Amino acid sequence: MALATDLASRIEAHPDLELVAPVPFGLVSFRHIRGDDATDALAAAVNASGWAYVTPSVIDGRHFIRVSIGQTTTTAAHVARLWELIEKSAGRT
């Protein structure tokens, strides 16, 4: 849960990203503030890296990205690398 909280904190601090749900466990749900197209492009860019995969999702017509951090072998270094991909890709949308 600490790793998910860390990722959520990074998302909250980023000017172009926002959480769309609380992070009580290992699931982080967020979106790009520029809307659905930017959110979808961000998910596609992360997934195209081949290193990490996020889940593009839609509820009530609102697009967002889900990141599940639950594997016991996931480390802070993995989350930091994922964040680098997210941050880099968020600037391209």
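Could you please find all residues in region 10-38 being outside any loop (DSSP other than H, G, I, E, B) and within 15 Å of L85 (Cβ to Cβ)?
Narrowing region 10-38 to residues outside any loop (DSSP other than H, G, I, E, B): 10-13, 17-19, 27-32, 36-38.
Scanning region 10-38 gives R10, I11, L17, V28, F30, H32.
Checking the condition in contact (Cβ under 8 Å) with a residue 60 or more places away in the chain, more than 18 Å from G91 (Cβ to Cβ) and surrounded by fewer than 19 Cβ atoms within 10 Å (Cβ to Cβ), which residue from D16, D60, D6 passes? Can you show your working first?
On the way: D16 fails: more than 18 Å from G91 (Cβ to Cβ); D60 fails: in contact (Cβ under 8 Å) with a residue 60 or more places away in the chain.
Only one candidate passes the filter, namely D6.
The set of residues in region 39-57 that are small (G, A, S), assigned to a helix (DSSP H, G or I) and surrounded by 12 or more Cβ atoms within 10 Å (Cβ to Cβ) comprises A41, A43, A44, A45.
Which of the residues spanning region 19-38 are surrounded by fewer than 16 Cβ atoms within 10 Å (Cβ to Cβ) and basic (K, R)? Answer for region 19-38, where residues must be surrounded by fewer than 16 Cβ atoms within 10 Å (Cβ to Cβ) and basic (K, R): just R34. Scan region 67-84 for residues that are closer than 16 Å to A45 by Cα and either open to solvent by 40 Å² or more (accessible area, probe 1.4 Å) or among the acidic types (D, E) (or both) and the total you get is 2.
The values are calculated or read from the model by the stated rules, or taken from the named source; none is laboratory data. The model shown is predicted, which means the values in this text are computed figures rather than measured ones. Don't worry about glycine lacking a Cβ; one is built from the backbone with ideal geometry, like all the others, and counts go over all protein chains shown. Quick note on the areas: whole protein, heavy atoms, side chains included, nothing else; ligands and nucleic acids left out. Shrake-Rupley method; radii C 1.70, N 1.55, O 1.52, S 1.80 Å.
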